[in-house]
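Please read the structure below before turning to the comments.
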């Protein structure tokens with residue numbers, strides 16, 4: 001994260017002038033060509049085509065001759081609102097926000113307990129990384145097995161006298177999705193919080209130790225303020241990742257997903273590759289981009305704002 | 001790293017709380033993780049009836065899974081496609097990142113912002129046009145793309161290339177430019193500098209960005225589920241299809257499924273174990289899984 005929040009302009013502002021003098025005239029911009037051309041081919045052109053598809057009536061019949069498919073303006077966008085788009089947006093946003101909120105305390109707590117050296121800390125840190133390292137599709141497969149009606153979760157619940165029930169269909173599937181996402185995603189907050197904790201100067205610790213402050217006021221007033229900026233950034237990124245998470249609901253519930261977990265990526269996927277309404281699903285995908293754009297905009301701004309704080313923070 | 005006195009000073013939590021929190025977190029992580037291992041050593045019947053601790057241990061699932069599911073084809077396909085993705089995006093990413101970091105030109109900031117922004121674009125939005133372009137390629141260009149490994153490779157570049165480029169940008173920023181300038185005064189041109197100085201100096205970062213590109217591909221289900229057919233299925237899709245076939249009908253072979261899940265996770269876990277220090281740094285730099 002520290003590397004991310006430091007823009008090149010500022011870090012090298014003194015050298016900038018010298019550099020201009022030396023190499024301005026011999027900038028090897030042609031070196032951008034291979035990467036740039038490929039980027040245009042595989043990223044920009046598809047994005048433009050996606051925009052175009054959202055404006056045409058494209059289905060399985062016109063798919064192979066999409067250039068000739070009829071232009072229908074904004075009809076796809078209008079239709080997406082009557083095809084469950086708003087419901088999916090609501091599920092996606094609430095799922096993403098709840099998951100993020102739940103992972104913050106877990107991540108910070110994990111960072112706090114691994115900050116100090118002790119015997120076996122390396123092992124604990126490695127364990128904390130496991131949920132993050134495991135591929136999403138593996139995590140989802142495992143939880144899908146555990147949450148089966150006759151699976152181990154219900155077997156345990158009935159031992160303590162709780163009726164298990166269905167986790168992968170019906171209203172509970174929403175909470176199952178959130179629980180698994182929390183399990184898989186908290187190490188991201190942990191890593192960001194740990195990086196921030198390690199940048200706290202020793203003097204700060206020593207000064208507050210001399211004060212003899214008990215642990216909680218010290219933590220709240222002295223240490224946690226250092227974590228605020230980085231953790232907020234991590235939250236934005238985590239929320240974006242939750243909103244875009246396709247693998248987890250897809251492998252956990254299958255497609256089409258149960259009504260209660262029909263998140264945006266699932267809706268777009270089913271509309272295009274099962275209902276074969278490519279134009280309609282492109283419109284939905286473009287609209288979901290608007291959803292992403294808000295936190296992303298804040299994120300891009302926040303990344304730059306954090307730079308100004310860096311010099312004069314506390 | 002510091003004197004014992006200051007180690008005491010940096011202690012943030014009282015001992016009892018530290019022990020409690022650590023225990024709770026470790027247990028929370030390990031219950032499902034141990035479940036994969038235990039279930040894969042159990043019998044299919046045992047797992048289906050909700051056992052956590054197997055009533056009998058055997059390695060049967062690991063031998064039978066290869067015939068039950070088409071896992072070996074999936075793993076080979078994944079390895080081939082992801083390896084190509086990794087090499088291509090790491091090398092092209094390094095070259096592009098070098099120019100982006102060292103030279104200023106019109107549109108440079110836009111490109112940098114775009115690299116960050118692209119990592120948050122929903123995969124479905126990229127997959128849709130790629131699928132349409134690929135399926136019409138047969139018609140317009142006389143090419144079969146869908147269902148081929150190289151088609152999947154091109155599709156993976158859509159997210160691996162921006163990501164690798166960004167990882168290299170964050171690394172190259174911190175690289176001192178003195179060596180390059182010295183070489184330049186000796187008369188070396190940019191290609192020589194890139195080849196003889198930048199590539200060797202940033203080799204660890206290049207490897208990391210390549211590994212990330214590899215993992216992005218290995219972990220993908222979305223693109224592979226649409227762009228492959230049975231012969232070109234990746235490991236992830238093979239496991240997903242295998243999993244979705246288990247419910248309903250005959251006895252579900254959950255134990256074999258857990259063995260398959262563990263086999264699919266193994267390369268990823270091994271990569272992390274081998275490159276842990278570099279990869280964790282890269283995670284926080286890139287900010288994306």
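If I go through region A:253-268 residue by residue, how many of them are facing chain B (nearest Cβ under 10 Å) and surrounded by fewer than 19 Cβ atoms within 10 Å (Cβ to Cβ)?
Going through region A:253-268 one residue at a time, the tally reaches 2.
Quick one: residue A:58 ticks every box in (1) in contact (Cβ under 8 Å) with a residue 12 or more places away in the chain; (2) more than 21 Å from residue B:126 (Cβ to Cβ) bar one, so which box is it?
Going through (1) in contact (Cβ under 8 Å) with a residue 12 or more places away in the chain; (2) more than 21 Å from residue B:126 (Cβ to Cβ) one by one, residue A:58 breaks only (2).
List the residue pairs whose Cβ atoms are under 7 Å apart, where the first residue sits in region A:140-151 and is facing chain B (nearest Cβ under 7 Å) and in contact (Cβ under 8 Å) with a residue 24 or more places away in the chain, the second is surrounded by fewer than 23 Cβ atoms within 10 Å (Cβ to Cβ) and part of a loop (DSSP other than H, G, I, E, B), and the two are 6 or more positions apart or on different chains.
A:144/A:168
For region B:173-189, state whether one or more residues are under 28 Å from residue B:122 (Cβ atoms) and either part of a helix (DSSP H, G or I) or modelled with pLDDT of 95 or more (or both).
no
Being surrounded by fewer than 22 Cβ atoms within 10 Å (Cβ to Cβ) and at pLDDT below 90 is the filter here; which residues of region A:276-290 pass it?
A:289, A:290 - these are the residues of region A:276-290 that are surrounded by fewer than 22 Cβ atoms within 10 Å (Cβ to Cβ) and at pLDDT below 90.
Which condition number does residue A:241 fail, the rest of (1) under 30 Å from residue A:276 (Cβ atoms); (2) assigned to a loop (DSSP other than H, G, I, E, B) being met?
(2)
Can you tell me which of A:73, A:84 is without any contact (Cβ under 8 Å) to a residue 40 or more places away in the chain and more than 22 Å from the chain's Cα centre (by Cα)?
One residue alone meets the criteria, A:73.
Between a first residue in region B:74-100 that is without any contact (Cβ under 8 Å) to a residue 60 or more places away in the chain and a second residue that is assigned to a helix (DSSP H, G or I), which pairs have beta carbons less than 6 Å apart while being 6 or more apart in sequence or on different chains?
Close Cβ pairs satisfying both conditions: B:99/A:31; B:99/A:32.
Kindly indicate which of B:47, B:116, B:26 is surrounded by fewer than 22 Cβ atoms within 10 Å (Cβ to Cβ), part of a helix (DSSP H, G or I) and touching a residue at least 40 places away in the same chain (Cβ under 8 Å).
One residue alone meets the criteria, B:116.
Being at pLDDT below 90, over 24 Å from residue A:206 (Cβ atoms) and facing chain A (nearest Cβ under 7 Å) is the filter here; which residues of region B:1-46 pass it?
Answer for region B:1-46, where residues must be at pLDDT below 90, over 24 Å from residue A:206 (Cβ atoms) and facing chain A (nearest Cβ under 7 Å): there is none.
Within the group A:108, A:101, which residue is within 20 Å of the chain's Cα centre (by Cα) and without any contact (Cβ under 8 Å) to a residue 24 or more places away in the chain?
Within the list A:108, A:101, the selection yields A:101.
Working only within region B:101-113, note down all residues that are more than 7 Å from chain A (Cβ to nearest Cβ) and surrounded by fewer than 18 Cβ atoms within 10 Å (Cβ to Cβ).
Residues satisfying the conditions are B:104, B:106, B:107, B:108, B:109, B:110.
Pick from B:134, B:153: which is more than 9 Å from chain A (Cβ to nearest Cβ) and under 19 Å from residue B:235 (Cβ atoms)?
Result: B:153 is the single residue among B:134, B:153 that is more than 9 Å from chain A (Cβ to nearest Cβ) and under 19 Å from residue B:235 (Cβ atoms).
For residue B:232, indicate whether it is at pLDDT below 90, farther than 18 Å from residue A:269 by Cβ and either surrounded by fewer than 17 Cβ atoms within 10 Å (Cβ to Cβ) or in contact with a helix residue (DSSP H, G or I) (Cβ under 9 Å, 6 or more places away or on another chain) (or both).
No.
Confirm whether residue A:232 is surrounded by fewer than 17 Cβ atoms within 10 Å (Cβ to Cβ), in contact with a strand residue (DSSP E or B) (Cβ under 6 Å, 6 or more places away or on another chain) and more than 10 Å from every other protein chain (Cβ to nearest Cβ).
Considered against the rule, which asks whether it is surrounded by fewer than 17 Cβ atoms within 10 Å (Cβ to Cβ), in contact with a strand residue (DSSP E or B) (Cβ under 6 Å, 6 or more places away or on another chain) and more than 10 Å from every other protein chain (Cβ to nearest Cβ), residue A:232 comes out as no.
The values are calculated or read from the model by the stated rules, or taken from the named source; none is laboratory data. Being a predicted model, the structure only gives us computed values, none of them experimental. A quick note on method: Cβ atoms are made from the backbone with ideal geometry, for glycine too, and the neighbour counts reach across all protein chains shown.
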